Amino acid sequence: MSQFISVFDMLKIGVGPSSSHTLGPWRAAEAWVQKIKENKKFDLIDEIKVDLYGSLSLTGKGHATDLAILLGLSEADPEYVPIEDVFIIVDRINTQKEILFKGGKCVTFPENSIRFNRDFLPFHSNGMTFRGFSKGEEISTQTYFSIGGGFIVQENDNLEEEIEINKKNFPFPVNRAIQLEEYCEKNNLLISDIVLRNELELRDAKEIDFELNRIWETMLECMYIGCHTEGKLPGGLNVKRRAFDTHVKLIKDTSYTNPKEWITSIRSTEVKFREILKWVSCFALSVNEVNASLGRVVTAPTNGSAGVIPAVLMYYLVIENHDADFEHVKKFLLTAGEIGSIFKKNATISAAMGGCQAEIGVSSAMAAAALTELLGGSPAQCLVAAEIAMEHHLGLTCDPIGGLVQIPCIERNAMGAIKAINAAEMALETDPKDVKVPLDKVIDTMWETAKDMNKNYKETSEGGLAVTVRMVDC
C-alpha cells in the first residue's frame, strides 16, 4: 500500500522561521493540549514542563522553538493568528509567567519551564517531551518528534488517521517516481492531473481550488511584504534585508496598490537576463526575510526553503507567461506537492535528518518539475528536471550561524530557485530515454548521503559556517 501525502500536507501555511523547529513544536504543543483535554486531565494540571532534545535544543533559540511552544500551549493557530498577536502572546507569557488557555484557565509557567537538553533521542533528532503535573505529581507525559515540513509524530503512534486515509481507493497510488511516470504515460495525463484525481478522493473540486488559492495568496503576500520592508532581521546577526533595495532598483517608477497590481507592474519592467536573475533572487530573498522575522509563509516543503517555489512560480507569471491565471498556479502547486511527497516517502525533508539537501534540494526539485510542466514538458521531462535539480544539491549541509534561519539559509533559496529554472530548461532539451540517472535513484542517493553525513552538519550549528563564523564575528 502506497502512503498518501496530500499537496496540502506538503504546502502548509504557518509562521516562521522553521517548519521543523517552529511550526512542528507549535503543532506538537497544540496536540498535547488536545490530548490532555481528551484524557480529562486538562482541568487537573497546574504545572507544565517541556524538554527539548537534540537539534531542537541546539538551535532552538535561533529557530524560536521556545516561542513556538508558548504559542502552541496557548492554542493559537499558526495559520490564522494575526502576526502582531504572536509577539503580544509571547510577551504576556514572559511577563506574567503563566499560560492562558482558551476558556480562561491559567497555569503558571516560569522561565525554566522549557529545558534545552543536548541529548538526542533515538527515534529522531527533533524530540520534545511535554509533562503535566497536578499538585507535584506527573500525570501526563507525551513525547513528540518534529520530522520536517511541520509534520509531527510520536514514536509509538498507531497512525490510525494515516491508515484510514491510505485505505481509501486512490485512483493513482504513488510511492516512487517511476510509478507516477507510468500512470501518466498509460493514461495520457499530466502529473498535475494525476495529483488532482487523487486529491478529489479527500476533497471536492471547489475546496481544492479554495485551499490552493489560499496557499498562493499567502505566498504572494509574503513576497509583497518582503519586497516592501527594509531594515535588519531580528536575532543578533544584524543581517540587512536585501529584497527591499533590489526591488526598488528593479520596479523603478511603476505604480500599484496591491499584490495583484504589483504583478502587472513587474511585467512591464525590463526583462534582460540580468534583470531576470535579480527578480528571481529578489522574490526568494523576500520570502525568507519574512520567514526569518517570524512572518507567515508556506512550507514548501519547509520554512527554511519556503522561497524557492514562490520565486519560480512568480518567474513564470511575470516573465514566461503574462496571460497565466489560477489554472497555471494550480497545476504548478499540484505538481510541486507530488514531487515533494515522493522525497518525503523515500528519504527526508528534514535538515536535522539530511542536511540542507533535504530542504533547498527538495524545494528546487519540486519547483523544477512544476515549471517544466507549465513550459510544456512531458511528465518524464518533469521528473528529469527534478532529478537534475536534486543531483546538484546532493551533500548540501545545514550549518546556520547562531542557529538562525538567516545565513546561509536566505541566500540558498535564491540559488535553489535559479537552479530550478536552469534544471527545467535543461530537461526540456533532454530526451528522457537518454537519461542515465532516474529521479528515484537520486532520491535514494540523497537518503544514503543523509545517513552518512556528520551530525554536526544536520541543523546543530556545531559545524561549517556556524563554527567558522560565530555570532561575535557579526
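Couple of notes before you dig in:
- The selection criterion, being in contact with a Gly (Cβ under 7 Å, 6 or more places away or on another chain), part of a strand (DSSP E or B) and surrounded by 16 or more Cβ atoms within 10 Å (Cβ to Cβ), holds for Ile48.
- Residue in segment 298-324 that is surrounded by the fewest Cβ atoms within 10 Å (Cβ to Cβ), counting only those that are of a type outside the set (Val, Ile, Thr) and assigned to a helix (DSSP H, G or I): Glu320
- Residues of segment 71-91 that are crowded, with 16+ Cβ neighbours inside 10 Å and either over 18 Å from Asn303 (Cβ atoms) or among the β-branched types (Val, Ile, Thr) (or both): Leu73, Ser74, Glu75, Val81, Val86, Ile89, Val90.
- Of all the listed residues (Met415, Met446), the sole one being crowded, with 20+ Cβ neighbours inside 10 Å and of a type in the set (A, V, I, L, M) is Met446.
- Meets criteria (at pLDDT 95 or above, touching a Leu at 6+ places or on another chain (Cβ under 9 Å), assigned to a strand (DSSP E or B) and surrounded by fewer than 20 Cβ atoms within 10 Å (Cβ to Cβ)) for Arg131: no
- Within segment 43-60, the set of residues being modelled with pLDDT of 95 or more and either touching a helix residue (DSSP H, G or I) at 6+ places or on another chain (Cβ under 7 Å) or in the same structural domain as Pro400 (by TED's automatic domain parsing) (or both) comprises Ile45, Ile48, Lys49, Val50, Leu52.
- Among (1) in contact with a helix residue (DSSP H, G or I) (Cβ under 6 Å, 6 or more places away or on another chain); (2) assigned by TED's automatic domain parsing to the domain that holds Gln142; (3) under 21 Å from Ala306 (Cβ atoms) - the single one Ala28 does not satisfy: (1)
- Looking only at segment 34-75, and only at residues there that are over 15 Å from Glu98 (Cβ atoms) and of a type in the set (A, V, I, L, M), the one that is farthest from the chain's Cα centre (by Cα): Leu44
- Residue in segment 114-128 that is nearest to Ile48 (Cα to Cα), counting only those that are aliphatic (A, V, I, L, M) and either part of a strand (DSSP E or B) or modelled with pLDDT of 95 or more (or both): Ile114
The values are calculated or read from the model by the stated rules, or taken from the named source; none is laboratory data. Every value quoted in this text rests on a predicted model; they were computed, and no experiment measured them. Virtual Cβ from ideal backbone geometry, glycine too; neighbours counted across all protein chains shown.
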